[in-house]
Amino acid sequence: MRGMDSPSNPPHSPAPLDDVKRRLATPVEFIRGVGPGRAQLLERLGLRTANHLLFNFPRDYQDLSDERAIENLQEGQLQSVRGVVTEVAATSSGFGKSRVAVLIADGTGHLRGVWYNQPFMRERFREGMTVLLTATPKLKGLMWEMSHPLVTTLASDEAKIDAKLLPVYSLTEGLSQYHMRRIEQSAVTEFADQLEEVFPPALLKRFQLTPLVESVRAIHQPADREELERARRRFVFQELFVLQLALSIRRSEQRQLKAYELPATPRIDARIRRLLPFELTESQAKAITEISADLALDRPMNRLLQGDVGSGKTIVALYAMLVCVANGRQAALMAPTEILARQHAETLAKLLEESRVEWALLTGGATRSERDDVLRRLADGSLNLVIGTHAVVQEDVKFKELGLVVVDEQHKFGVRQRSALRQGDVAPHYLVMTATPIPRTLSMTLFGDLDISTLQSAPAGRQPINTYLVEADREAKWWHFVRERLNEGRQAFVVAPLVDESENVAAPSVAEAFERLTNGELAAFRVGLLHGRLTSPEKQDVMERFRRGELQVLISTTVIEVGVDVPNASVMTVVGADRFGLAQLHQLRGRVGRGSRAGYCGILLGETNEAARERLDAFAKSTDGFALAELDFALRGPGDLFGTQQHGMPPLRIANLMTDRDVLEEARREAQLLVAADPGLKHADNARLRQQMLTRYGKALELGDVG
Ligand code: ADP
Ligand code: MG
């Protein structure tokens, strides 16, 4: 586990050194066991003061409690053996390789500890001394061996040490675990009692949280598991509580923003519905009702529209944008890729064929003068609606009266980009669409201030996607199947990870797949290659040719992941699937089966390992994107897909969103109560909490007004 944020350091005071030393801001250099040399090493770990050391939590613990006689050792688990050193030997191979071997005996047998390339280990042992070695032992022939065991030197008469958890800290080159432990120990002994409690007493009591000083001591030097757990729980609670406070306060600040009222009057509604090419599904209609209700208010909507691939989110968003335009304000739709922006533009063009709405597409590929023209018309209000990549929201884009922003397939669009779109205290309504459902826990944590609309059902006529796991010896058969589809006039995707040749991994790259397939299984077909390293016009060109059917096969990285709609493509082959998340794979396979025919997705297993196979098996069996996202989350953690950093939020350091769900709920409830009772956290009891919150989230969440 990693450390928490330390409370802000007290300012340096010109007090005599003796006094300063007692304070938390004491430079590490003056702490027992440090000195100038080690201070430099600690600096590399970002540890400059006593306070930093106190909050530099161990990343793990060595359990020394399972101490056994050598004759009772077992393979495969961490154990400790106490014995007398009977032999110390160092050998060197002459190529700079060395081995230190130490033999210890405990009366029931012998055990060898070995260290490679750590010649200095030889100096730690003398024959006749008593040591405790801790590691996972292995039986080598008839002899037990521990490789690179942890060494604890013991006085020979020392009583059996009871349940001990040794802290393990993150290190940097030149700083040993042993020294780091000693340094942390001095810091805790000398400075922990100077810490001031962060929580108001009432809260500590209600949640039975261990006080700060005690917790800091226990997390560095736990007497036992139970004490460690209690200390950990306190810090988990603290971390989540501070986060929830920040979100809560942000929410109440958001509520003070103004927005244009954009009512969907019956006339407006009827006019827009006439433009739609199909009947809305029930859940599309429901989402539209929810969105319309938000848009009619004078404070900004903040809504997530989530729905599986193909559930028909686009039309819902376009409806909202047209409501906005009908009310005389401007609307913007932002897509993560140019391909997608163009696709939306096409849909919109069809929809607006007979309408007077002025709109434009703005992408990175636009020429200077095209761009300038669009910017000018956005600024003077003559453009009602713009579709574009995120380039649209770059600083120099000024809208006359921006009423609504829609962000497609993107979690990354952060707080700061959003407030860039604000005009004074008038903020645009905000709708973000995603096909990657966000597990509830996470949406609560990160998007606590978003309302959610969900599209449950796919529009009628969508075909199921059949997913197969293809074993290496069945690949030829799979490609045969793909060729059959191509010969029927269908098109095919092949998806592979983009892997650098320098990346030195055994994973297949998209370029390699292209090379192999165009010379082999797919040699008879027109094949295109698409990946993120191509220039924008190049991508555009490949995509266009695929869409027109000039290319029969598109070999691609996950650039096609989001939203691309080519109804004639009915079969997809995924290479290197274990490198993708399940939610991502689900998005990918959503690219096929968009037309009136069934879609097929073949996952080539190759040399996929057992764990990955199980994951992929679950994937093949499920068609529920929400369930897959939950499963992904459970198996792999939030990962980069949902990574907090993507949202511009500092990562959590100690709390684990999967295992600490109950604490999260508690923290959330309590934070809301506290903010309701003391909106600006002005009460003296809350001063330290407020301080913590601002230090950590003030910038990321723009908590301006409480600052
Ligand atoms: P996604 O939610 O993945 O963005 P899209 O909005 O691209 O889905 O819709 C997928 C396909 O379904 C599109 O071809 C779209 O035209 C079609 N579609 C959407 N809504 C309906 C509907 N109510 N009836 C029939 N087809 C629809
Ligand atoms: Mg879409």
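The values are calculated or read from the model by the stated rules, or taken from the named source; none is laboratory data. It should be emphasised that the depicted structure is a prediction, and the values quoted were computed from it without experimental measurement. Virtual Cβ from ideal backbone geometry, glycine too; neighbours counted across all protein chains shown.
Worth a mention:
- Yes/no for residue 554 being modelled with pLDDT of 85 or more, among the aliphatic types (A, V, I, L, M), within 23 Å of the chain's Cα centre (by Cα) and at negative phi: no
- Qualifying residue in segment 536-550 (condition: closer than 19 Å to residue 602 by Cα and assigned to a loop (DSSP other than H, G, I, E, B)): no
- When restricted to residues that are crowded, with 17+ Cβ neighbours inside 10 Å and out of contact with any helix residue (DSSP H, G or I) (no Cβ under 6 Å at 6 or more places or on another chain), segment 667-695 contains 7.
- Pick from segment 341-358, criterion under 19 Å from residue 404 (Cα atoms) and within 16 Å of ligand 2 (Cβ to nearest atom), ranking: surrounded by the most Cβ atoms within 10 Å (Cβ to Cβ): 341
- Sole exception among (1) part of a helix (DSSP H, G or I); (2) out of contact with any Pro (no Cβ under 9 Å at 6 or more places or on another chain) for residue 175, by number: (1)
- Just one of the listed residues (375, 383, 362) is more than 16 Å from ligand 2 (Cβ to nearest atom) and closer than 25 Å to residue 304 by Cα, and it is 362.
Rundown of residues vs (1) outside any helix (DSSP H, G or I); (2) assigned by TED's automatic domain parsing to the domain that holds residue 360; (3) in contact with an Asp or Glu (Cβ under 6 Å, 6 or more places away or on another chain); (4) modelled with pLDDT of 85 or more, yes/no style:
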site: 376; (1), (2), (3), (4): no, yes, no, yes
site: 383; (1), (2), (3), (4): yes, yes, yes, yes
site: 387; (1), (2), (3), (4): yes, yes, no, yes
site: 391; (1), (2), (3), (4): no, yes, no, no
site: 398; (1), (2), (3), (4): yes, yes, no, yes
site: 406; (1), (2), (3), (4): yes, yes, no, yes
site: 411; (1), (2), (3), (4): yes, yes, no, no
site: 417; (1), (2), (3), (4): no, yes, no, no
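- Test: residue in segment 86-93 that is surrounded by fewer than 18 Cβ atoms within 10 Å (Cβ to Cβ), farther than 30 Å from residue 194 by Cβ and in contact (Cβ under 8 Å) with a residue 40 or more places away in the chain: yes
- Applying the criterion of being away from ligand 1 (no atom under 16 Å from the Cβ) and of a type in the set (Asp, Glu) to the residues of segment 523-572, the residue that is surrounded by the fewest Cβ atoms within 10 Å (Cβ to Cβ) is 550.
- Residues in segment 575-607 that are among the β-branched types (Val, Ile, Thr) and within 24 Å of the chain's Cα centre (by Cα): 575 alone.
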